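*Asks:* Sharing a structure here in structure tokens format.
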Amino acid sequence: MDDETGVELSIMERANSENKGIRPGLLVAIAAIVVALVAAKFLGLFGPKPVEAAGSNPPEAAAPETPPSTGLGGRKPVVVRPKPVTSAVPGTQQAPAPVATVVPEPAPAAGDWSTKLDEVLGSNEVEATKADRLLAIWPTLPPDGQVEVMQHITNLLPDEKFPVLLNTFTNAQTHEEVLDVLMTDVLNRPNGLKLPALLDVARAGGHPKAEEAKDILEVFVDQNYGAEWPKWEKAIQDWLKENPDEAPPEPEQK
């Protein structure tokens, strides 16, 4: 029993001794009040502690768990996903283009035409016939084959059959290397074949050899008539009359 409780009992005893004449009911009421005060005091001593006032230091928060190491200095790994390819039309997308598979192209048919060329050149036929046979296969050949075969055609074709090459020579779409072969050949033909053929090339619109043909004609007629083609034609005819081709030698009689 603590000091305060002892003081309260002493007061009660003194009151009992000094007021022996007080009624018993009043004494019971006073005792009940004293007991209630003592019970309240004990409940205050042994009850739950009061909540700490605001402003006091809060308890330390638990430290967060350390995330597992990623090997990137604490940073999360970034997953890069391929973006869809945007098509040329706005607002649409298309899947990424597949990887092209390189398929080897079949071997060119060079062996076929070269074999045919060897067969024609090795035959016992006359040159004109060989030229005709090569002319028959020439349009079907690849560009490199056309160049090589045309070289043989121009060597085999006699002057009287030269006109069969005029459509190829005056065609602006003919492969330029083939035109080079034909230009070389026509310059070695008689003037009666050469000058009219060069005039046709010179006035063919967009022909790769037009300017070259005009320059050669200017050397013969000693005049440049530009695009006045009737004047060119008359000047060439006049020159050929003044400078006729020599007659080819007659074949020897056996």
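Throughout, read-outs are computed from the coordinates displayed, never taken from laboratory work. Just so it is clear, the structure is predicted and the values come from calculations on it, not from any experiment. Note: ideal-geometry Cβ built from the backbone for every residue, glycine included; neighbour counts use all protein chains shown.
*Asks:* I want to check the label-to-label distance for Gln151 and Ala227. Put each point 7 Å from Cα in the C-beta direction and report it in nm to one decimal.
*Replies:* Simple spin-label model gives 3.8 nm for this pair.
*Asks:* Order these by the 10 Å Cβ neighbour count, fewest first: Met150, Met183.
*Replies:* Values: Met150 25, Met183 18.
Lowest to highest Cβ neighbour count: Met183, Met150.
*Asks:* Continuing with this model, one more query. Looking only at the stretch 147-166, which residues have a backbone nitrogen under 13 Å from a spot 7 Å from the Cα of Asp200 in the C-beta direction?
*Replies:* Flagged as within label range: 161-166.
*Asks:* Lys and Arg at +1, Asp and Glu at -1: add these up for the other residues within a Cβ distance under 11 Å of Asn188 and post the number.
*Replies:* So the environment of Asn188 carries a net charge of 0.
*Asks:* What is the list of residues in the stretch 150-194 whose amide nitrogen lies under 17 Å from a point 7 angstrom out from the Cα of Val219, following Cα to Cβ?
*Replies:* Only 180-194 fall inside the zone, counting backbone N under 17 Å.
*Asks:* Among the listed pairs Lys161/Lys194; Lys161/Lys234; Lys214/Lys234; Lys194/Lys231; Lys194/Lys214, which are separated by more than 21 Å between their Cα atoms? Provide the component values of the computation, followed by the final result.
*Replies:* Numbers: Lys161/Lys194 13 Å; Lys161/Lys234 25 Å; Lys214/Lys234 15 Å; Lys194/Lys231 18 Å; Lys194/Lys214 12 Å.
Listed pairs above 21 Å: Lys161/Lys234.
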